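Here's the structure, in structure tokens; my notes come after.
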Amino acid sequence: MIIDIFPTPVYQADLSMDSLDLVKRINDQEIRCRKSEYNIVSETTELLEVDVFSDLKQEILKHLEMFATGIGYKYDSVYITTSWLNINPPGGRHHLHTHPNSLISGIYYVDVPENSGNMVFVKTPSQIIDPADVDNLTEYTSDTIVMPSCTNRLFLFPSQLYHYVETNRSNNSRLGISFNSFITGSIGHFTNRIKL
């Protein structure tokens with residue numbers, strides 16, 4: 001008998017936001033961005049605090065609460081600590097990374113052209129069985145899980161989970177809003193408990 005232990009939860013939902021309206025709101029804000037070698041990121045880390053995004057923020061918070069409750073966290077409330085705009089122009093991508101100083105992270109895809117890249121989650125090296133040593137790739141032997149990205153899709157995941165976004169092979173930019181979150185309440189066990 002195979003028993004799954006220590007599974008990693010990832011949450012996916014397709015929101016019913018008006019993506020064209022969100023793109024217009026983003027463009028109307030004239031958000032200052034900085035360009036790196038592979039992508040463009042907003043300078044603000046409080047994008048979802050801007051009034052014109054309040055409906056999106058409330059929708060994300062609703063899903064954060066469902067995710068936190070579903071995986072068994074005991075908490076008083078969930079709150080977004082940082083949020084920013086990601087733009088991946090043609091040829092752009094996001095490197096392999098985690099989100100430190102956060103509990104639950106996520107991305108909401110505002111506009112995803114066809115062939116502009118998927119979300120990829122990666123096992124840490126200590127979790128990987130070398131695929132050369134197995135007969136076929138399964139959820140136990142694969143070191144990556146590819147989750148299709150599309151317009152209006154929301155992903156939530158533990159902040160320490162390694163992930164990246166594939167190269168944008170389309171002719172248009174991919175837009176996403178990334179964020180980190182934490183919970184309030186008593187955190188930890190008896191001897192190391194803190195109240196946030």
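Report the chymotrypsin sites (Phe, Trp or Tyr not before Pro) located in the stretch 21-116 that are in a DSSP loop and have at most 14 other Cβ atoms inside 10 Å of their Cβ, or state none. Working shown, then result.
Numbers: sites: Tyr38, Phe53, Phe67, Tyr73, Tyr75, Tyr79, Trp84, Tyr108, Tyr109; in loops: Tyr38, Tyr73, Tyr75.
Answer by residue number: there is no such site.
Looking at the stretch 52-96, which trypsin sites (Lys or Arg not before Pro) are DSSP coil and have at most 12 other C-beta atoms within 10 Å of their C-beta? Before the final figure, lay out each step's value.
Values: sites: Lys57, Lys62, Lys74, Arg93; in loops: Lys74, Arg93.
Here the trypsin sites (Lys or Arg not before Pro) that fit, given the DSSP loop and packing criteria, are Lys74.
In a Debye calculation with equal point scatterers on the alpha-carbon sites of the stretch 41-103 and no solvent, what is log10 I(q)/I(0) at q = 0.14, 0.23, 0.30 Å⁻¹?
So the normalised log intensities are -0.55, -1.13, -1.26.
So if we plug the beta-carbon distance of Ile194 and Thr124 into 1/(1 + (r/R0)^6) with R0 = 22 Å, what FRET efficiency do we get, rounded to 0.05? Intermediate results must be reported in sequence, preceding the final value.
Working: r = 26 Å, r/R0 = 1.18.
About 0.25, to the nearest 0.05.
At Thr81 and Thr69, where each label point lies 7 Å from the Cα along Cα→Cβ, what is the point-to-point distance in nanometres?
Rounded to a tenth, the inter-label distance reads 2.3 nm.
Mark the label point 7 Å from the Cα of Leu96 along Cα→Cβ and return the residues of the stretch 149-174 whose backbone N is within less than 17 Å of it.
160-167
So, R0 is 30 Å and r is the distance between the beta-carbons of Tyr140 and Glu114; what FRET efficiency does that work out to, to 0.05?
On the way: r = 31 Å, r/R0 = 1.04.
E between Tyr140 and Glu114, to the nearest 0.05, is 0.45.
First measure r as the distance between the Cβ atoms of Lys62 and Arg32, then evaluate 1/(1 + (r/R0)^6) with R0 = 41 Å and state the FRET efficiency to the nearest 0.05. Numbers along the way, then the final one.
Details: r = 29 Å, r/R0 = 0.71.
Efficiency at R0 = 41 Å is approximately 0.90.
Roughly how many whole Å is it from the C-alpha centroid of the stretch 38-86 to that of the stretch 159-196?
If we compute the Cα centre of each part, the gap is 9 Å.
How long is the stretch 11-182 along each principal axis, judged by its Cα atoms, biggest number first, in Å?
53, 44, 27
Since every read-out is calculated from the coordinates, none of them should be taken as a lab result. All figures in this text were calculated on a predicted structure; none of them were measured in a lab. As a convention, Cβ positions derive from the backbone with ideal geometry for all residues, glycine included, and neighbour counts pool all protein chains shown.
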